[in-house]
Every structure is written in C-alpha cells, then in structure tokens.
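See below for the structure under consideration.
The values are calculated or read from the model by the stated rules, or taken from the named source; none is laboratory data. On a predicted model such as this, the values are computed, not experimentally measured, just so you know. Neighbour counts run over all protein chains shown; Cβ positions are idealised from the backbone, glycine included. In case anyone asks, the SASA skips ligands and DNA or RNA and just uses the protein heavy atoms, side chains included. Shrake-Rupley method; radii C 1.70, N 1.55, O 1.52, S 1.80 Å.
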Amino acid sequence: MERKKATDFPQELLSLFDRYVHGDIDRRAFLDGAKKFATGGVTATALWEALRPNYAWADQVQKDDKRIKAGYETVQSPQGNGSIKGYFVRPAAGGKQPGVLVIHENRGLNPYIEDVARRLAVANFVAFAPDGLTSVGGYPNPPDEEKAATIFRNVDGKKMFEDFVASAAWLKSRPECTGKIGAVGFCFGGGVVNQLAVRLGSDLSAGVPFYGAQPKAEDAAKIKAPLMLQYASLDDRITGGWPAWEAALKANHVTYEGYVYQGANHGFHNDTTPRYDEANAKLAWQRTMEFFNKNLRGS
C-alpha cells in the first residue's frame, strides 16, 4: 500500500479519525462523517482503511537484528491484574545499561511499540514494553486494531496502571539494568508516563510523554523526575491542556522541557499511519535520546 501523508487528507477528516481512535465515536459514525470527503470514486471505507495503521512499515529495527536480544517476560503484579506480559529488549553486547519503560497507545502492545523498544535497545538501553491488554488475552495476534480497541475498554484502568507500576519496579531491579529508569509513552501511554512521574517520585529518573493527557495541577508537587513533554500543534484535544500544566510544573519547580511540533497531528511519531510526520518524529526522537542519555547515564 502506498504510504500517505497527513497533508494528503483534509484536517477535518484527520480530526474526525482522531475522535474515532480515542473512542469518542464508533466506526459507523466515522464513516458517516467521512462521506463528505469521499469524492472522485474514493469511498468513506477506503478513507478509513487509508488512515489505519499499516504495520508493514513498523520495523525500523528488525526483530532479528544482531545488535539486540529480545523476548517476552511476565511480571508479577499483585496490586494490579495479577501479572502482565511484556516485550523485553536489551543490547546483545550485555553489561548494565539504564532502563526505559515503553508505554503503548490505547491499543496495547502493537508492532510499532515493539519497534520503539528495539530502537531503545540499539541505543544501549534496556527496554521493557508491557502489554496492558494481558488480563484480557493480550494484544491480538495477528494484529487487529478494532479488536484491540474493544478489549482495551474491558480492562480495569486502575489495575492496569498498577501493572505498569509493577513493570517499572521489575525493570529497575533487573540485573541488566543500572537501577536508573526512564519512561516514554505515546497517546494513552503519554498520559501514563505523566501519572508514573507523579506516582514513582524519585524512583523515576526521566519521563518523556508524547501527546499525553496531563495530571491534576496539584499533582505536580509529587514529580521528582525531569520531564520532556512532546506535543503536536494540531492536537487541540491534548495540547490545549499544556499551558496550564506548564504553569503547574513551573510553580512546583519541576525540571522540564516542552515542545510543540508545528503542523503535526496527534500520533505524529507513529510511523505506521498517515499522521506520521517524519521530520518532527525524528527531531522528537533525537531529543528523547539526548534527554535519556543525559538523565539516565549521569551520576
């Protein structure tokens, strides 16, 4: 399938798709709304298909890359759903490296998130990407975004968060890890990273939420980790909350960097959908790597 760009679609259609992705409307409502853009022989269903992820594009680092060792691990989570499975990737060269927890979008541990974990391992981090869908059977295999979205809504959100907390503790204590961990997350996962910063305090050494929902202003006082917050200028739903959250971070003397990427849509880092913005995604990832290296490898 030919790779489309966000600029190939009307912004109103992209915003409508964003509402569908986040469960504000169902597929039928999206298709009804997309009909006005279905011209020149292109159907609303074809537009829906064109906007969905294509995981053939996901592998920036191949699964069998000789620089890494990868596999699946199960973490005990007595305060959560009992246990959570995740994708564990580390440099093949061995030795102790800082850890990075990778938190997925509201679809579970899909191929894009696994690839992000491999990118971190190639950059000499120990990465763990837990699957919040473990308690409902895990992310579908073969990949099925519709099913993933449905079963995601069946997971107890509070218990899932405890699963992520348990995953952070597990990663921090791994023999391959130096004991310093960061967290990066996207969309739903960006919101989780913000909440982990609140919950973990000094046990988290760096957090990078991509277009993540902000916590309550009063929770900023609990954050000890430096944060790098990545936002998209066209993502009004999430970026609209950034000014107030920045004010709360400043008021509580939290160390942070914040970036709003111009012309970018929500999900701009995900290279499996047309919302991917290559230039902004590469810049955001470069900044992320520099941030983790600075905060996780220092004394």
Original post:
Of all residues in segment 211-231, which are part of a helix (DSSP H, G or I) and either open to solvent by 60 Å² or more (accessible area, probe 1.4 Å) or in contact with a His (Cβ under 8 Å, 6 or more places away or on another chain) (or both)?
Top reply: Glu218, Lys222
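Filtering segment 58-79 down to residues that are small (Gly, Ala, Ser) and touching a Ser or Thr at 6+ places or on another chain (Cβ under 8 Å), which residue is surrounded by the most Cβ atoms within 10 Å (Cβ to Cβ)? Before the answer, list the steps.
Residues of segment 58-79 small (Gly, Ala, Ser): 58, 70-71, 77.
Keeping just the survivors that are touching a Ser or Thr at 6+ places or on another chain (Cβ under 8 Å) gives 58, 77.
Details: Ala58: 20, Ser77: 23.
The qualifying residue surrounded by the most Cβ atoms within 10 Å (Cβ to Cβ) is Ser77.
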Subject >> Within segment 232-246, considering residues that are open to solvent by 60 Å² or more (accessible area, probe 1.4 Å) and aliphatic (A, V, I, L, M), the one farthest from the chain's Cα centre (by Cα) >> reply: Ala244
**OP:** Starting from residues that are open to solvent by 30 Å² or more (accessible area, probe 1.4 Å) and in contact with a strand residue (DSSP E or B) (Cβ under 7 Å, 6 or more places away or on another chain), keep the ones in segment 256-276 and report whichever is nearest to Arg52 (Cα to Cα).
**Re:** Val260
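Do the conditions hold for Tyr87, that is, is it among the hydroxyl-bearing types (Ser, Thr, Tyr), open to solvent by less than 50 Å² (accessible area, probe 1.4 Å) and part of a helix (DSSP H, G or I)? It would help to see each step written out before you state the result.
Values: among the hydroxyl-bearing types (Ser, Thr, Tyr): yes; open to solvent by less than 50 Å² (accessible area, probe 1.4 Å): yes; part of a helix (DSSP H, G or I): no.
No; evaluated as a whole, the condition is false for this residue.
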Original post:
Among the helices (runs of 4 or more DSSP H) contained in segment 99-204, which hold 1 or more residues that are open to solvent by less than 10 Å² (accessible area, probe 1.4 Å) and among the aromatic types (Phe, Trp, Tyr)?
Top reply: 111-122, 157-173
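Rundown of residues vs (1) without any contact (Cβ under 8 Å) to a residue 40 or more places away in the chain; (2) on the phi > 0 side of the Ramachandran plot, yes/no style:
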{"residue": "Gly185", "(1), (2)": "no, no"}
{"residue": "Gly189", "(1), (2)": "no, no"}
{"residue": "Val193", "(1), (2)": "no, no"}
{"residue": "Leu196", "(1), (2)": "no, no"}
{"residue": "Gly207", "(1), (2)": "yes, no"}
{"residue": "Phe210", "(1), (2)": "no, no"}
{"residue": "His253", "(1), (2)": "yes, yes"}
{"residue": "Arg275", "(1), (2)": "no, no"}
{"residue": "Leu283", "(1), (2)": "yes, no"}
**OP:** Kindly indicate which of Arg3, Arg28 is basic (Lys, Arg), in a helix (DSSP H, G or I) and surrounded by fewer than 16 Cβ atoms within 10 Å (Cβ to Cβ).
**Re:** Arg28
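Can you name the residue in segment 42-56 that is of a type outside the set (A, V, I, L, M) and either under 11 Å from Tyr276 (Cα atoms) or more than 24 Å from the chain's Cα centre (by Cα) (or both) and, of all such residues, is surrounded by the most Cβ atoms within 10 Å (Cβ to Cβ)?
From segment 42-56, those of a type outside the set (A, V, I, L, M) are 43, 45, 48-49, 52-55; that's our starting set.
Subset that is either under 11 Å from Tyr276 (Cα atoms) or more than 24 Å from the chain's Cα centre (by Cα) (or both): 43, 45, 53.
Details: Thr43: 13, Thr45: 12, Pro53: 23.
Restricting to residues being of a type outside the set (A, V, I, L, M) and either under 11 Å from Tyr276 (Cα atoms) or more than 24 Å from the chain's Cα centre (by Cα) (or both), the top hit is Pro53.
Would you point out which residue out of Pro130, Pro78 is over 14 Å from the mean Cα position of the chain (by Cα) and within 28 Å of Asn154 (Cβ to Cβ)?
Of the residues listed, the single one that is over 14 Å from the mean Cα position of the chain (by Cα) and within 28 Å of Asn154 (Cβ to Cβ) is Pro78.
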